[in-house]
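Data first, discussion second: the structure below is written as structure tokens.
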Amino acid sequence: MEKKNFKFSSASTDLVTGASFSQLSKYSDKSASILITDEHIYDAHKTKFRGWNTIILKPGEEYKIQGTADSIIDQLIEFEADRKTTLVGIGGGVVTDITGYVAAVYMRGIRFGFVPTSVLGLVDASIGGKNGIDVKMYKNMVGVIRQPSFILHDLAFLKSLPERQWRNGFAEIIKHACIMDAAMFRELEKNDLAFYMKNKKGLSDLIRRNAMLKIKLVQKDEFENGDRKLLNFGHTLGHALENQYELMHGEAISIGMMAAAHFSRELNGFNQAARIAGILDRYGLPAYGHFDVNKIMPVLKMDKKRERKTLSYILLEKIGKAVIRNLELKTIDKFIRSLS
Ligand SMILES: NC(=O)c1ccc[n+]([C@@H]2O[C@H](COP(=O)([O-])OP(=O)(O)OC[C@H]3O[C@@H](n4cnc5c(N)ncnc54)[C@H](O)[C@@H]3O)[C@@H](O)[C@H]2O)c1
């Protein structure tokens with residue numbers, strides 16, 4: 001087990017890696033905690049929850065909505081949760097996002113922590129304090145930036161994670177490699193998903209490295225005025241695709257990353273798009289997809305990174321180095337039309 005503390009503007013987070021769920025009571029007093037998880041995780045790991053007050057959500061992005069937050073708040077009132085209560089989200093990004101959001105508004109803000117159980121949760125969603133809900137087709141339209149008190153990694157949860165969800169999480173790992181870690185990109189090119197699913201040490205090192213990459217970036221720019229935007233690589237088109245088509249987040253952003261790689265070739269002279277296509281293929285992720293631009297563009301224009309007629313788009317200069325470019329919506333529209 002290794003514990004590191006990271007300071008943010010108004011709070012600090014303990015990142016506890018190589019841990020076991022049984023150590024949770026060190027970070028959150030059992031008598032003053034309420035765990036929030038979903039049915040898949042609860043069913044696969046029931047014994048872990050014994051003795052803890054637990055709220056169990058229906059799984060899936062369609063439940064990352066205000067109605068679920070309201071029902072959590074009702075249950076918190078039933079549990080007589082007060083300002084000294086800690087909420088602990090145990091799950092993938094849906095569970096941790098909604099837990100952090102409810103913790104920010106219940107009694108004007110209570111303490112919270114996370115035990116991420118999906119690869120995507122471990123390397124991305126649990127980190128950085130952005131927590132919120134979707135509104136209709138608009139992802140993460142309502143939310144807060146507020147840091148968890150702790151993030152505890154127990155990789156034993158991954159035993160029950162479906163393979164499709166592993167691929168989903170590796171899309172974010174590939175994203176981190178593309179934007180800020182060329183050496184990790186090369187490591188990923190040498191291995192494949194089966195290697196990490198079997199090799200505990202390789203996996204835990206990779207997850208820790210990715211968690212640290214994201215934490216360091218967020219520490220530099222917690223409120224996304226600059227470099228944190230780099231994490232949106234592949235997400236502008238990705239989010240729009242995800243909301244209009246039956247795609248997983250990881251699949252949608254993979255198509256978005258590939259599109260951004262081509263866009264980078266046009267605007268930045270980036271010439272490594274084939275390596276990105278290759279790595280996506282190695283991890284069972286799509287590089288291309290058919291879509292209707294007329295369905296995508298209206299959603300894309302609602303992107304939170306839009307400022308009037310421009311949108312900050314993340315492009316690559318080279319593998320391991322991304323840049324932020326403010327592009328006219330009409331330029332983006334023209335480029336996306338050229339892809340489909
Ligand atoms: N807050 C952030 O900065 C941030 C960053 C990236 C993504 N996100 C959000 O995260 C969400 C996606 O995260 P996700 O892919 O983890 O989604 P998720 O929480 O829906 O989990 C995916 C599926 O895997 C199941 N699952 C999770 N862990 C499991 C386990 N150990 N065993 C068995 N089943 C398990 C879940 O029940 C669910 O069915 C999206 O809502 C996205 O917006 C947030």
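The values are calculated or read from the model by the stated rules, or taken from the named source; none is laboratory data. Since the structure is predicted, the reported quantities are computational estimates derived from the model, not experimental observations. Cβ atoms come from the backbone with ideal geometry, glycine included; neighbour counts cover every protein chain shown.
Taken as a whole, the structure leaves LEU230 outside the set of residues that are under 30 Å from MET297 (Cβ atoms) and modelled with pLDDT under 95. Scanning segment 119-138 for residues that are farther than 21 Å from LYS216 by Cα and near the ligand (Cβ under 8 Å from one of its atoms) gives GLY132, ASP134.
Checked against (1) farther than 27 Å from LEU193 by Cβ; (2) at pLDDT 95 or above, GLN272 meets all criteria but (1). At least 1 residues being surrounded by fewer than 17 Cβ atoms within 10 Å (Cβ to Cβ) and in contact (Cβ under 8 Å) with a residue 12 or more places away in the chain is the threshold, and among the helices (runs of 4 or more DSSP H) wholly inside segment 226-340 those reaching it are 249-268, 273-282, 293-301, 329-339. Would segment 17-39 turn up any residue that is away from the ligand (no atom under 15 Å from the Cβ), β-branched (Val, Ile, Thr), more than 21 Å from the chain's Cα centre (by Cα) and surrounded by fewer than 18 Cβ atoms within 10 Å (Cβ to Cβ)? Within segment 17-39, not a single residue is away from the ligand (no atom under 15 Å from the Cβ), β-branched (Val, Ile, Thr), more than 21 Å from the chain's Cα centre (by Cα) and surrounded by fewer than 18 Cβ atoms within 10 Å (Cβ to Cβ). In segment 30-42, the residues that are farther than 11 Å from THR54 by Cα reach residues that are crowded, with 24+ Cβ neighbours inside 10 Å with C-beta atoms within less than 7 angstrom, at least six apart or across chains, in these pairs: ILE41/ILE90; ILE41/GLY91; ILE41/THR117. Going residue by residue through segment 71-81, is there one that turns out to be in contact with an Asp or Glu (Cβ under 7 Å, 6 or more places away or on another chain) and at pLDDT 95 or above? Looking for residues that are in contact with an Asp or Glu (Cβ under 7 Å, 6 or more places away or on another chain) and at pLDDT 95 or above, one finds none in segment 71-81, hence no. Flag not set for TYR101, criterion: near the ligand (Cβ under 10 Å from one of its atoms), out of contact with any Gly (no Cβ under 6 Å at 6 or more places or on another chain), closer than 28 Å to PHE170 by Cα and touching a residue at least 24 places away in the same chain (Cβ under 8 Å).
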